[in-house]
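Comments concern the structure below.
Each reported figure results from applying straightforward, stated rules to the coordinates on display, with no laboratory input. Just so it is clear, the model here is predicted, and its values are computed rather than measured. Heads up, the Cβs are rebuilt from the backbone with ideal geometry, glycines too, and the neighbour counts pull from every protein chain shown.
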Amino acid sequence: MAAALALAAPAGAADWTAGAPSSGDPFFPQMGNGGYDVSHYSLDLDYDPATEVLDGSAAITLVPTQDLDQFNLDLRDWFGVSRVAVGIHPAAYFQEDGQELVVTPLPKLHAGRAYTVHVDYAGVPETVVDPDESFEGWVKNADGAFVVNEPQGAPGWFPVNDDPNDKATYDFAITVPAGNVALGNGRLLSSVTDAGKTTWRWHEDSPMASYLTTATNGDFDLTTDTGPNGLPIYNAIDSKGDSAATDGFSAAQKTTAAQRFAAEPQIISVLSELWGPYPFSSAGAVIDRGHVGYALESQTKPMYDGVPGQSTVVHELAHQWFGDSVTLSVWRDIWLAEGFARFSEWMYNERTGGQTAQQQFNAATNYGVPDTDARWQSPPALIPEAKNLFSPSFVPYNRGAMTLQALREKIGDTAFFPMMRAWFAENRNGNATTEDFIALAERESGQQLDAFFDVWLYTAGKPTSW
Ligand SMILES: [Zn+2]
């Protein structure tokens, strides 16, 4: 019929649809969005610890993967949004469901073209509480904030496609009261003080998952050291007061912290010999009173909620290879980060005159709990729920590391270490899955390993033969 023909779209015309409101991870249904890829975030943050107001402006460079008449960003609803624009064009928007910022661009967005989305927002950030009841996001303390995001804290302080698969480079301009230090990822570009405020500019030039970003700020002593091959290492420790009562550290704790900082170049060298060149253009450590009860491998600057033990420093630095550069694609595969970091602790000890990895494996298999205990009944690749990702049973950590040591024993060092280096080299700056690892292990070893991985990763109970 003629009327219908008149309505038919000409060949090759845009097919406008809305981007998905989620990236589809079963553990975090609101996390991430569909319809576009972000390449860069430029975050301009002004934080006043006295009022606790965070005033932010984000410029997000993205490329639609479909013709978009609507798309979502993730931003927690304790922020009010005062402006959204795409390029020079103001966009319509609304907030819903706790962390969805729904944007209707005009004109609509064409697949394959680059756009810059501007979001101005402000509010008093609250702490994000995880399914396991741990704290993350913009976690306020006596002199600023401890900023950590694994797995879902990033929308607690900036608008983001909070999907670990959508890595991007970052610029940070973080303004804090003069005298305070703000620590973004990557290299320090400048710190400029004007009218009682200091703006700290940092640049991270490697693709980064949003859960690895930071903007920790407060009263810090910041020092810059040099690591292997001229690598700049930024170390910061909270300098406020001298005790936990003032959210600071004692003289003895600061001495221990200095020893941890001094060990970083050697740890990076040992890990580089094991797994391949250090992945990023800077490194560092931030020691603060974060009140979260854990350390986190934020990219280039691990965040320590207190003065760490040396094995924790090794663990967080190992994550720069496994977790930060080679990142999980779905959260259930957390063992690809935690098991590899724990195994790196074992290998570091083995390579520096401590116990062998096999001795540490033997100790770890002697949990002293029966086979019916959760530590044996929850295989690493089948984490049941989001609340179990970092559970006290340490399944992704210890059993993940045991899986690697058992694999080493099975295929031999001459196949195992090149395989591990290939895993890093081939997935650097990217994302990977357990299935990818199994395929690579089989390729590199020339062995069929389904039965091995079935026992270690997918079957409840303590492995007894493999
Ligand atoms: Zn870890």
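Estimated at 0.36 nm per residue, the fully extended path between residue 373 and residue 124 surpasses their Cα-Cα distance by 85.4 nm.
For region 111-126, the residues whose amide N sits under 20 Å from a probe point set 7 Å from the Cα of residue 53 along the beta carbon direction are 119-126.
One equal scatterer on each Cα of the chain, no solvent, Debye formula: the resulting log10 I(q)/I(0) at q = 0.06, 0.09, 0.13 Å⁻¹ is -0.28, -0.61, -1.20.
The stretch between residue 448 and residue 310, if pulled fully straight at 0.36 nm per residue, gains 45.9 nm over its current Cα-Cα span. Computed over the alpha-carbon atoms, region 344-409 gives an Rg to Rh ratio of 1.00, Rh here being the Kirkwood radius from the mean inverse distance.
When the listed pairs 254/301; 387/462; 197/240; 410/462; 140/254 are checked against a 20 Å cut-off, the alpha-carbon distance exceeds it for 387/462; 140/254. Dividing the helix sum by the residues of the chain, where each DSSP H run of 4 or more adds -39500 (n - 2.57), gives a mean residue ellipticity at 222 nm of -7500 deg cm²/dmol. Straight-distance candidates among the lysines for linking to residue 108, with alpha-carbon spacing under 27 Å and chain neighbours fewer than 8 residues away dropped: 167. A cut-off of 5 Å between modelled amide H atoms, ignoring neighbours fewer than 5 places along the same chain, links residue 220 with 181, 239. Spin-label pair residue 465-residue 385: with each label point 7 Å from Cα along the Cα-Cβ axis, the two points sit 3.7 nm from one another.
Dimensions of region 202-319 from C-alpha coordinates, computed as largest minus smallest value along each principal axis and given longest first, are 42, 28, 23 Å.
Under the simplified labelling scheme, the residue 142-residue 246 pair shows an inter-label distance of 0.7 nm, with each label point 7 Å from Cα along Cα→Cβ. Here the translational diffusion coefficient of region 290-335 follows from Stokes-Einstein with Rh set to the Kirkwood radius across Cα pairs; for 4 °C and 1.567 mPa s it amounts to 115 µm²/s.
Look at 47, 348 and count the other Cβ atoms within 10 Å of each Cβ; fewest to most, that gives 348, 47.
Say a paramagnetic label sat at a point 7 Å from the Cα of residue 205, along Cα to Cβ; which residues of region 216-232 have their backbone N under 13 Å from it? The answer is 231-232.
Span-like helix criteria (full DSSP H runs; alpha carbon extent of at least 30 Å along the helix axis; mean Kyte-Doolittle hydropathy of at least 0.0) are satisfied in the chain by 251-275. Given R0 = 60 Å, the distance between the Cβ atoms of residue 16 and residue 195 translates into a calculated FRET efficiency of 0.85. Once the Kirkwood radius over Cα pairs is known for region 100-161, the Stokes-Einstein relation at 10 °C and 1.306 mPa s delivers a diffusion coefficient of 114 µm²/s.
Provide, for q = 0.18 Å⁻¹, the log10 of I(q)/I(0) from a solvent-free Debye sum over equal Cα point scatterers in region 342-466. The calculated log intensity ratios at q = 0.18 Å⁻¹ are -1.06. Inter-label distance, residue 97 to residue 258: 5.2 nm, where each label sits 7 Å from its Cα along the C-beta direction.
Each of 140, 108 was scored by other Cβ atoms within 10 Å of its Cβ. Listed from fewest to most, they are 108, 140. Counting neighbouring Cβ atoms within 10 Å and putting the fewest first, the residues 319, 291 line up as 291, 319.
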